[in-house]
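The values are calculated or read from the model by the stated rules, or taken from the named source; none is laboratory data. All values reported here derive from a predicted model rather than from experimental measurement. All Cβ positions, even for glycine, are placed from backbone atoms using ideal geometry, and neighbour counts span all protein chains on display. The area values use the complete protein model at the heavy-atom level, side chains included, leaving out ligands, DNA and RNA. Shrake-Rupley method; radii C 1.70, N 1.55, O 1.52, S 1.80 Å.
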Amino acid sequence: MIDVAWAQSAAGGGVQGNDPRAMLFNFLPLILVFVIFYFLILRPQTQKQKETAKMIENLKKGDRVVSSGGIYGEVVEVKPDTLILRVADNVKMEFAKNAVVGKVSKD
């Protein structure tokens, strides 16, 4: 008598049933999507966050920066959680450090 599982495997040419290889092949597309998602989205985002945090940590008096609201200013004072920016003559504004999105050249 012919074994049914062997006959199905030979006829189908693939992996079927409760075989661990079948489970791996079923989850392989999901694993590949996660790996692609990680390398295209998550990893670059964390690198950018690290660069921004390093830039904010290294801000000093005289640096020209832009805020998340698009306001350009020169750093006048650095406090633990905030910055005081001069945005015009005799106009100073206090910003959270997290509101700074980048340094700007002094041109």
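What the table below lists for this structure:
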item: Complete set of residues in the range 47-65 that are within 14 Å of K79 (Cβ to Cβ) and either in contact with a Ser or Thr (Cβ under 6 Å, 6 or more places away or on another chain) or part of a helix (DSSP H, G or I) (or both); result: I56, E57
item: Residue that is farthest from T52 (Cα to Cα) [pool: residues in the range 75-102 that are surrounded by 14 or more Cβ atoms within 10 Å (Cβ to Cβ) and touching a residue at least 40 places away in the same chain (Cβ under 8 Å)]; result: K97
item: Looking only at the range 37-74, and only at residues there that are open to solvent by less than 80 Å² (accessible area, probe 1.4 Å) and β-branched (V, I, T), the one that is farthest from V100 (Cα to Cα); result: T46
